[in-house]
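Below is one structure, written out as structure tokens; the observations come after it.
All of the numbers you see were taken from the coordinates with simple rules; none came from a lab. Every value quoted in this text rests on a predicted model; they were computed, and no experiment measured them. With ideal geometry, Cβ positions are generated from the backbone for all residues, glycine too; neighbour counts draw on all protein chains shown.
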Amino acid sequence: MATGAVLGRPALPGPSTGAAFAPDGRRAYVAAGTQVGAVDVAAVPAPPAPGLAATAPPLPAFAFAEAGAPVTGLALTRAGTRLVAAAGRRLASFDAPSLRPLGSVDVRGEATSVAVSGQGRLAAAVLRGGRVAVVDLAAGRLLRRVKVAGAAAVAFDGAARL
């Protein structure tokens, strides 16, 4: 992909609102409407030879899962085992390889973006109205909501601190 050429377009159920790549780069996760999908990036054809026009055939999405509300953000654990979607008032969690739902947590506000700690135990979501929700993914519960005026995104450092 060093050429910057579009090599394919996944067939999605609506406009894309988020994306994340597996650590090995072979799979991409895409949010579209109320669904999350997994696309086999390894199946993307090689770029055309220099001087030849590139075509962008549809790429098959090999799996989709319902998040329950419009998805506004995605985050993937560092190990690539759990995918978390900001979906309305919930953080929906999925087993990344299979997209099997693992559960969801009400964050008591509309989530606009999400991040997952490196170990995958915690997630944080920016909520409309100036709050950040912190969720224990392992226990499946909201730990706290903190007022953070103007928050637009959230991230964890290597020690799982916000």
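All other residues with a Cβ under 15 Å from the Cβ of Leu137 taken together, and with Lys, Arg as +1 and Asp, Glu as -1, what is their net charge?
Neighbourhood net charge equals +4.
7 Å from Cα along Cα→Cβ at both Arg121 and Val146: what's the point-to-point distance in nm?
Rounded to a tenth, the inter-label distance reads 1.7 nm.
Net charge around Ser98, counting only other residues with Cβ within less than 12 Å of its Cβ (Lys, Arg = +1; Asp, Glu = -1)?
My count for the surroundings of Ser98 gives +2.
Give a residue-ordered list of calculated ³J(HN,Hα) values for region 113-129 (Karplus: 6.51 cos²θ - 1.76 cosθ + 1.60, θ = phi - 60°; whole Hz; x for Gly, Pro).
3J(HN,Hα) across region 113-129, in whole Hz: 7, 8, 9, 10, 5, x, 7, x, 7, 10, 10, 9, 10, 7, 10, 4, x.
How do Arg90, Arg108, Arg161 rank when sorted from fewest to most other Cβ atoms within 10 Å of their own Cβ?
Arg161, Arg108, Arg90
I'd like the Karplus ³J(HN,Hα) series for region 137-148: coefficients 6.51, -1.76, 1.60, θ = phi - 60°, whole numbers in Hz, and an x wherever there's a Gly or Pro.
Along region 137-148, the couplings run 5, 5, 8, x, 9, 6, 8, 6, 10, 10, 6, 9 Hz.
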